[in-house]
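Written below as structure tokens is the structure these notes are about.
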Amino acid sequence: MTAQQPSAIAGHYRQGDLRRKIDEALDRLYPGQATLTTDDLHGVDEFHTGGHPATRELAAHLELSAGLRVLDVGSGLGGPARHLAQHAGADVTGVDLTEEYVDVARRLTDRVGLADRVRFQQGDVTALPFARASFDRAWMLHVGMNIEDKARLFTEISRVLTDTGRFIVYDVMLLGDPTLVSYPLPWASEPEHSFLAHPEEYRSLLRKAGFDIVAEHDHRTQAVQLLRAAGDAHRRNSTPHHPAGGDMPPAPINVAMGADASTKVAKALQNIEEGLLAPTEMVCRLR
Ligand SMILES: C[S@@+](CC[C@H](N)C(=O)[O-])C[C@H]1O[C@@H](n2cnc3c(N)ncnc32)[C@H](O)[C@@H]1O
């Protein structure tokens, strides 16, 4: 990855006023409620095409027990990390390139009272700021599409895991001709910042980094359902006189995606339905 690409990618995600927008969305949903739970945040804090059902499913595949140390690679607003701490008692560290996301992730974690078990830090996942064997598990949800040097990414993840480490990658992978993929997409407004790869490339790079792939799951059906629902909710919310208008919860992933969220959702759905892209999970363990 060249020096300017990480800042261009963080620039894609940065909104400047995301903290305010999320606070407003939560105030609208839970007026006067100072204390929130992780369940209350589901509509706003998971930024991937499977929403909360996918987070739950993937978490089960991590085979966690209380106290295990988990690294969330590209943790975004922190919803998936908080889920692991809340429901499996894991001790979770998230690392993310986008400073604003790290800030919002910390604030939401404070609001749900999980700051003793979940922490976030700014960093580039191709140069992880951790010593070798620092974590028992790692997962990476919808981040590899922003990473050109996946060989280095997977080698870094392998380095920071213990010998019995387990790792899950859940990325939108390329099935067809990359020149046919339509943009803007939730992770990149232009093709220059999108580093889509075929499942075979993932498998090969994961193996080279020392991982065996123990299972694969195709998440297309789940993504189509969620993206259709997100598009519908966005249309309802932006129709001023619709009876459901202001009372609808924010559609999953819409708040984090910013102004052209509905276009990004529609394009992601189109590419998946056309068979060009597929959200895919690979469950790996170190050899
Ligand atoms: C689509 S979001 C997914 C966030 C989170 N994993 C989730 O599922 O809610 C992609 C995230 O990857 C982060 N990211 C992209 N490139 C990165 C890099 N080189 N190092 C760290 N984070 C990165 C972005 O800042 C963004 O938060």
Among residues belonging to the range 177-195 that are within 17 Å of the chain's Cα centre (by Cα) and either acidic (D, E) or outside any loop (DSSP other than H, G, I, E, B) (or both), point out the one that is farthest from Q270 (Cα to Cα). H193
Filter the range 56-106 down to the residues that are under 11 Å from the mean Cα position of the chain (by Cα) and among the β-branched types (V, I, T) and list them by number. V73
When the range 192-220 is checked residue by residue, the ones that are under 19 Å from L276 (Cβ atoms) and out of contact with any strand residue (DSSP E or B) (no Cβ under 9 Å at 6 or more places or on another chain) are E192, H193, E200
Residue in the range 90-99 that is under 20 Å from L58 (Cα atoms), of a type in the set (A, V, I, L, M), modelled with pLDDT of 95 or more and more than 9 Å from the ligand (Cβ to nearest atom) present: yes
If R82 passes every condition in (1) within 25 Å of A8 (Cα to Cα); (2) crowded, with 22+ Cβ neighbours inside 10 Å but one, which one does it miss? (1)
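Listed here are the residues, each with its yes/no results for (1) in contact with a Pro (Cβ under 6 Å, 6 or more places away or on another chain); (2) within 13 Å of the ligand (Cβ to nearest atom); (3) more than 20 Å from T280 (Cα to Cα).
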| position | (1), (2), (3) |
| --- | --- |
| H42 | no, yes, yes |
| F47 | no, yes, no |
| G51 | yes, yes, no |
| T55 | yes, yes, no |
| A60 | no, no, no |
| S65 | no, no, yes |
| L77 | no, yes, yes |
| R82 | no, yes, yes |
| Q86 | no, no, yes |
Quick check on this structure: which one of D110, D124 is over 14 Å from the mean Cα position of the chain (by Cα), more than 18 Å from R166 (Cα to Cα) and near the ligand (Cβ under 7 Å from one of its atoms)? D124
Apart from one, (1) over 24 Å from N146 (Cα atoms); (2) at pLDDT 90 or above; (3) part of a loop (DSSP other than H, G, I, E, B) all hold for Q33; the odd one out is (2)
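Looking only at the range 196-213, which residues are in a strand (DSSP E or B) and buried (at least 17 other Cβ atoms within 10 Å of the Cβ)?
Taking the range 196-213 as the starting set, the residues that turn out to be in a strand (DSSP E or B) are 211-213.
Matches in the range 196-213: F211 only.
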Checked pairs for the range 227-240, first under 15 Å from D260 (Cα atoms) and in a helix (DSSP H, G or I), second at pLDDT below 75 and among the β-branched types (V, I, T), C-beta under 7 Å and 6 or more apart or across chains, list as A230/I253
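The values are calculated or read from the model by the stated rules, or taken from the named source; none is laboratory data. If you're wondering where the values come from, they're calculated on a predicted model, not measured in any experiment. Note that each Cβ is placed from the backbone with ideal geometry, even for glycine, and that neighbours are counted across all protein chains shown.
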